[in-house]
């Protein structure tokens, strides 16, 4: 296998190298080299005014220059640079040099000196800024050379005091990207580098107080860049960075938030004093408080940044963390409890209703005026603000941050629960969805209270399917505290089921997990849920009712770990258990039930092994067949196919393998039948009927091979070769049949050529597998191959005919895991008699909800086919219901497997429909839908 | 010293009839012109006689600014402009301009037609008044005249509510009107930039309240409505036509949409429909969600909310009805209430405060039997809920705004005196700025320290730049020499030479001379050279020259030595310097008075 792959790789690789076009353009380019720079030179000389020169340069910038000529071009550009009076042209030249230095395979070091020289004469600030930018481009390409770096830094240092903000900006950027990351040279290297230049950090931090906000931002960014490159930023900057948090400009504040965060990560444990008091706090706590403060900033960009950053500060102490959710309420100077607190108290006191009375939230105790701190110091209420923010970007960032923090602290998770649950009511669906996801992520840490669960469950009625499904998933992972909660959840889920029947599977799955998690809570509910009565027999519920199934799923899953529960079941419950265990085996776990005999698999031990054994044995029996013409072989095949099909139905785990083998065997059987007839020797006109049968067989074989190849996943190269082999046989059969039915040689020639090509490509593709195919059709064919290509079509047909008949049966080797792609359309159900009404001539939307299994890349491969069963004219007629059929198709394309082999067969004339490499296989049952066009209203 | 004066005519330590006079930089501005809901006599309107006893107000006011359309902020406008007399510009935002006349007309109808008052403004007066209105856009700077400019900021609260910045030169005042710092379902939060006004005049309705998150209340509200509708009950929500009603509508509309609910929602017609129309138009003034989704659907084009008809009240099945007025004292809401009160399945939700004496107040206090007219009693079986949605900033919100704007002084209006007191203390304590809370008619004066812009000649600046370091260091002030010319209302700083030239004056040199006696046994030239060496060792970095004509020059200071024949040992040093070198000169004279150190060699 590996060797085979390797060979293919080599083949492809060598092909690429041999392509002659590759060299041609390179040559051409080299030829134009002198002319290019010369042309530029001439153009620039010709330019009478700056506008013209600029035009030439712009034009030049669009064309590419090869590495060898870059240096020359730069020389010419610089020559003009010195002559040029106009700033804009010089600026363009400077930017061009930067652009050129990025040319592949070009070493920008060679133009560094020339570029540096320009600084001596340049007066314009804009051009200077551009030149520095060019240096930055050059410098980033030569990160390894300390000398270059040093020189560039020197230039940057020299221009740092420029009056133009752009120049200072670029200098700082340069320092950030290229500044010394190693510790400043204060021991021995002092002589080599002036200390100021060596210590980029202190240099940059001087510009934190620049008068221009853009320069301040650039300085912070440069510092962050240094940090990213591995420099350890000194703690002394912390104070400066904190001061920048109150800057007038949002971009400065935003960058400062990042800076403070970086420092808090570097020195989390160092102690900083609290101003105007004697106390001290950890730096990470201090910065957490400061960043929390930024969550109520005036600019939403900063707010988003701050909220995001909070989520990354996991080392903060729990005391500070819990403050973020704290908001002291006050009404008319009296302390008031929050709704959350009230809900908790109500819950604790056993009362259920809330807020029924006016002023039941009336404030109680009086607040000490001096103790109220209106501007919360520190982290107070940061998330309360963030989650209530006007911009949903901020809210999402806050929710994400909550999630990150809650995952690292269980007590915080408990606290933030109320807030997250509140977010389920947000006006933006994205936020709602996100908060549901977050709650799911932290749900391992928490247990929902009844009132919280109530709020969560209210969202189950949301019309958005995404929300509902996210909520189901959340419920799968939730812990609840009381049996009332379980009852409540079940009730709401059943309500959901009636309102949105399409959620059936999702709801069942949800109940499965709910049952698994809370067996003891379900136990006291069982009599009520199953409506059993100690004395009376209750009527047997309808087995097809999804709601009843939902209840059963809950109960059975709970019973799995609660053995006493089964004693409460009535007889019909056991019957229903057996039925559901069979039909919904993924939802209903095996139970140890009273009547073991009702369950066939229970006694057989692990069923999967025996089934596997059976499969092996069946295939082993087949392998005894050597030639399909043998007597009894056909019967054996027939029986085995039947066995396998039944096995596939019974044992879902092996369905793929069993189906695969059965289909393969059926192909073989078809081939045998088509060949076995004695009529082959008859004259053509006499055997029309037989021909028709054989043609049909060949066609079916071809179809089956495509199914074999694309519908099953987990196939190895060996199996693919076998499938292709069958396909070749089918094609050979077709060829023989064509030869018999058609007269004349001309059409035959091209068909024969096609076939030979296919044989060849088969050989190329499956070189590795060929040894296994010795006795088979292809093996024999390849033995004759030198003769084949020379012979006439007539002879070829004869050879094929005999080889087909004589070739042995090729045994199928099953791979470990074969899975069959399948699709089940859940919605529309096809049972509805209510036609879908729409205005004729307009588009009608039909929602399709389907479960796909074992489909790779479903977004690209699954297609929907709509058939009109009745005459198409009914689609435009009014008031008549007509039926359409919807089915799912699996689109395949052989290009995914082997491009080279199949690209040539796409235009094949023999079987235009099936012969195409790209096609579709219907899978899943089709569903019929009634539609009824209405006349358009005028 | 320049000062800003603020005098509230209404809303000083009080809620209602907001009207604040501001004098800034010689301009007089009136902020809001509201009426008081609590009075029916003259106290209803602000006392404009404070401005002038007789005659029109036009010459005393430069402009009038209305912050939003609530009647306690604009109710007295036609009275002031048409009956008292004011012809200057009135500024308000576009939505306010659109909705304000509707409310004024409604107010007039109730007062004149229902209560039968005379001597009240007429419809024509409202129209005439509105003709004087100049609309404002958000963040647009409008020049009222050459010096006075105003700028509006978003304030939340109601549609079109604005905060206004008033600026004359470098002095500025910000008036907030009513504002809300937390967004709600249809409006965003107030926002202002760091404009650092001299005075921030803020409302303080909820000065002593810190509110809970809005989400809980919303959730409660929705849950209650949902539960009632699910068990087939009817929900009555008495509202006032504008403001909260729209918020609740949006809330229910989106909830219905989300939860796929089918029960009908009705809105009693009339005033509301007109107002909803304006909400549809001014979508840019609403919150992020509504603004972003209006391309697909304008949120105010309600899908589930339909116009109410009187006959619908008897329809079976669940429904939700918004009806006016909000306090259940008359009109449609009362009629519906009477019909539905008997059924315990139904529910009434009071979304706001109810005045004592109204039915709303009674049922909120749990009264189960109501006496109606004709001695009938009405048993109240339906559930009564209270759900407050207020759109004023709470104490935290006010502090947040102060933090945003960073004012130099703070002034509180539109709130109760006792509550203001608390907030005032807090502000002074936490921001260390002055905070005022004048009563009506009381004037607050704030002395400002405006920066005076001076033109400086480029040459002078460049020359000074060349002397010092390459960059102006913002942390260190630097002194420079120049001449300030005040001419024709402009200030210019120029170099002395240019000033002389412009003024046609000759330059006069001012020199100080001083004699210092010194005991020195050496000859005159020797003493001089000794002085030279001494100075050279003391004053490093200065140019010191020993000139051949027997003088020593330190910069421009000349030092000569002379001695009388009778006392050759007593040398008289003659020092002379120009006034520019005063510092160095006096330093030298004190230095030389101390005498020369003995160990100096002569050469």
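Taking the condition of being surrounded by fewer than 21 Cβ atoms within 10 Å (Cβ to Cβ) and at the interface with chain A (Cβ under 10 Å from one of its Cβ atoms), how many residues in the range B:385-399 meet it?
Number of matching residues: 2.
From the list B:299, B:327, which residue is surrounded by 15 or more Cβ atoms within 10 Å (Cβ to Cβ) and over 30 Å from residue B:136 (Cα atoms)?
Result: B:327 is the single residue among B:299, B:327 that is surrounded by 15 or more Cβ atoms within 10 Å (Cβ to Cβ) and over 30 Å from residue B:136 (Cα atoms).
Name every residue in the range B:391-450 that is in contact with a helix residue (DSSP H, G or I) (Cβ under 7 Å, 6 or more places away or on another chain) and in contact (Cβ under 8 Å) with a residue 60 or more places away in the chain, in order of residue number.
Within the range B:391-450, B:393, B:395, B:398, B:402, B:410, B:412, B:422, B:423, B:437, B:441 qualify.
Looking at this structure, is residue B:32 outside the structural domain of residue B:244 (by the TED database) and surrounded by 24 or more Cβ atoms within 10 Å (Cβ to Cβ)?
yes
So if I check each of B:196, B:215, which one is within 23 Å of the chain's Cα centre (by Cα), within 13 Å of chain A (Cβ to nearest Cβ) and not in a strand (DSSP E or B)?
Every option except B:196 fails the conditions.
Looking at (1) modelled with pLDDT of 85 or more; (2) crowded, with 23+ Cβ neighbours inside 10 Å, which is the one condition that is false for residue A:431?
All conditions are met except number (2).
So, in the range A:218-244, of the ones that are farther than 22 Å from residue A:174 by Cα and surrounded by fewer than 21 Cβ atoms within 10 Å (Cβ to Cβ), which residue ends up farthest from the other protein chains (Cβ to nearest Cβ)?
The selected residue is A:235.
Can you pull out every residue in the range A:825-839 that is in a loop (DSSP other than H, G, I, E, B) and closer than 20 Å to residue A:924 by Cβ?
A:828, A:829, A:830, A:831, A:832
Can you find a residue in the range B:267-274 that is touching a residue at least 24 places away in the same chain (Cβ under 8 Å), surrounded by 18 or more Cβ atoms within 10 Å (Cβ to Cβ) and in contact with a strand residue (DSSP E or B) (Cβ under 6 Å, 6 or more places away or on another chain)?
yes
Could you tell me whether the range B:337-357 includes any residue that is surrounded by fewer than 12 Cβ atoms within 10 Å (Cβ to Cβ) and not in a loop (DSSP other than H, G, I, E, B)?
No: zero hits.
Can we say residue B:16 is in a loop (DSSP other than H, G, I, E, B) and at positive phi?
So residue B:16 passes the test.
Collect the residues in the range B:400-424 that are within 12 Å of another protein chain (Cβ to nearest Cβ) and within 11 Å of the chain's Cα centre (by Cα), keeping them in residue-number order.
Passing the criteria: B:401, B:402, B:404, B:405, B:406.
Go through the range B:49-69 and report how many residues are crowded, with 22+ Cβ neighbours inside 10 Å and touching a helix residue (DSSP H, G or I) at 6+ places or on another chain (Cβ under 9 Å).
The qualifying residues number 5.
Quick one: residue A:379 ticks every box in (1) more than 10 Å from every other protein chain (Cβ to nearest Cβ); (2) closer than 30 Å to residue B:429 by Cα; (3) modelled with pLDDT of 85 or more except a single one, so which number is it?
So the condition that residue A:379 fails would be (3).
Here is a yes/no grid of residues against (1) touching a residue at least 12 places away in the same chain (Cβ under 8 Å); (2) within 30 Å of residue B:278 (Cα to Cα); (3) assigned by the TED database to the domain that holds residue B:232:
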position: B:307; (1), (2), (3): yes, yes, yes
position: B:312; (1), (2), (3): yes, yes, yes
position: B:322; (1), (2), (3): yes, yes, yes
position: B:325; (1), (2), (3): yes, yes, yes
position: B:331; (1), (2), (3): no, yes, yes
position: B:346; (1), (2), (3): yes, no, yes
position: B:349; (1), (2), (3): yes, yes, yes
position: B:364; (1), (2), (3): yes, no, yes
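Does residue A:552 satisfy the criteria of being surrounded by 21 or more Cβ atoms within 10 Å (Cβ to Cβ) and out of contact with any strand residue (DSSP E or B) (no Cβ under 9 Å at 6 or more places or on another chain)?
Answer is yes for this residue.
Restricted to the range A:760-772, and to residues that are surrounded by fewer than 20 Cβ atoms within 10 Å (Cβ to Cβ) and touching a helix residue (DSSP H, G or I) at 6+ places or on another chain (Cβ under 8 Å), which residue is farthest from residue A:732 (Cα to Cα)?
Checking each candidate, the answer is A:768.
Residues being away from every other protein chain (no Cβ under 11 Å) and more than 20 Å from residue A:511 (Cβ to Cβ): count how many of those fall in the range A:436-465.
Of the residues in the range A:436-465, 7 are away from every other protein chain (no Cβ under 11 Å) and more than 20 Å from residue A:511 (Cβ to Cβ).
Please pick out the residue among B:229, B:235 that is touching a strand residue (DSSP E or B) at 6+ places or on another chain (Cβ under 6 Å) and more than 26 Å from residue B:153 (Cβ to Cβ).
B:235
Just give me the residues in the range B:219-266 being touching a residue at least 40 places away in the same chain (Cβ under 8 Å), closer than 20 Å to residue B:187 by Cβ and either surrounded by fewer than 19 Cβ atoms within 10 Å (Cβ to Cβ) or within 13 Å of chain A (Cβ to nearest Cβ) (or both), in sequence order.
We begin by selecting, within the range B:219-266, every residue touching a residue at least 40 places away in the same chain (Cβ under 8 Å); these are B:220-221, B:224-225, B:228-254, B:256-257, B:261, B:263-266.
Now drop any that are not closer than 20 Å to residue B:187 by Cβ, which leaves B:221, B:237, B:239-254, B:257.
Answer for the range B:219-266, where residues must be touching a residue at least 40 places away in the same chain (Cβ under 8 Å), closer than 20 Å to residue B:187 by Cβ and either surrounded by fewer than 19 Cβ atoms within 10 Å (Cβ to Cβ) or within 13 Å of chain A (Cβ to nearest Cβ) (or both): B:221, B:240, B:247, B:250, B:251, B:252, B:253, B:254, B:257.
Taking the stated definitions as given, is residue A:287 in contact (Cβ under 8 Å) with a residue 12 or more places away in the chain, within 23 Å of residue B:404 (Cβ to Cβ), not in a helix (DSSP H, G or I) and not assigned by the TED database to the domain that holds residue A:161?
Details: in contact (Cβ under 8 Å) with a residue 12 or more places away in the chain: yes; within 23 Å of residue B:404 (Cβ to Cβ): yes; not in a helix (DSSP H, G or I): no; not assigned by the TED database to the domain that holds residue A:161: yes.
The answer is no for residue A:287.
All but one of (1) touching a strand residue (DSSP E or B) at 6+ places or on another chain (Cβ under 6 Å); (2) within 14 Å of chain A (Cβ to nearest Cβ) hold for residue B:166; which doesn't?
(2)
When only residues in the range B:425-441 that are within 22 Å of residue A:276 (Cα to Cα) and surrounded by fewer than 20 Cβ atoms within 10 Å (Cβ to Cβ) count, which is farthest from the other protein chains (Cβ to nearest Cβ)?
Ranking the qualifying residues of the range B:425-441, first place goes to B:434.
Out of (1) surrounded by 14 or more Cβ atoms within 10 Å (Cβ to Cβ); (2) in contact with a strand residue (DSSP E or B) (Cβ under 8 Å, 6 or more places away or on another chain); (3) at pLDDT below 85, the odd one out for residue B:522 is which?
In the conditions (1) surrounded by 14 or more Cβ atoms within 10 Å (Cβ to Cβ); (2) in contact with a strand residue (DSSP E or B) (Cβ under 8 Å, 6 or more places away or on another chain); (3) at pLDDT below 85, residue B:522 misses (2) alone.
The values are calculated or read from the model by the stated rules, or taken from the named source; none is laboratory data. Note that the coordinates shown come from a computational prediction; the quantities given were computed from them, not determined experimentally. As a convention, Cβ positions derive from the backbone with ideal geometry for all residues, glycine included, and neighbour counts pool all protein chains shown.
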